[in-house]
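Here's the structure we're looking at; comments come further down.
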Amino acid sequence: MRPKPNIAKARYGSGGFGNIKSAIQTISTGISHIHSNPVKHDHVPRVADWPYSTFHRYIRAGVYPENWCGGENPTFDAEGFGETP
């Protein structure tokens with residue numbers, strides 16, 4: 001009987017899920033991309049103005065400042081972030 005392939009090893013390299021720094025960075029980038037979408041697609045001027053976003057939880061947790069994306073003096077600019085046209 002052949003052993004089952006290690007799917008995690010095939011997908012994430014020989015370390016499996018061991019490269020935690022890389023995984024955290026990938027997840028953080030994805031979350032930032034999702035949070036910036038309402039601004040990027042001109043639904044609202046600031047991420048904080050989008051009422052359906054989990055961004056508000058991240059503000060309360062101290063992960064992002066309220067002016068993180070959009071508005072005056074944003075700490076992050078969504079232009080050119082995420083998917084390419």
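The values are calculated or read from the model by the stated rules, or taken from the named source; none is laboratory data. Bear in mind that the values here come from a model prediction, so they are computed numbers and not experimental data. As a convention, Cβ positions derive from the backbone with ideal geometry for all residues, glycine included, and neighbour counts pool all protein chains shown. Ligands, DNA and RNA are stripped out before the accessible areas are found, and what is left, the full protein with its side chains, is counted by its heavy atoms. Shrake-Rupley method; radii C 1.70, N 1.55, O 1.52, S 1.80 Å.
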Restricting attention to region 48-66, which residues are of a type in the set (A, V, I, L, M), surrounded by 12 or more Cβ atoms within 10 Å (Cβ to Cβ) and under 15 Å from Ser28 (Cβ atoms)?
Val63
Across region 67-85, which residue is modelled with the lowest pLDDT among those that are open to solvent by less than 70 Å² (accessible area, probe 1.4 Å) and more than 11 Å from Ser36 (Cβ to Cβ)?
Gly71
Can you tell me which residue among Val39, Val44 is at pLDDT 65 or above, in a helix (DSSP H, G or I) and open to solvent by less than 70 Å² (accessible area, probe 1.4 Å)?
Val39
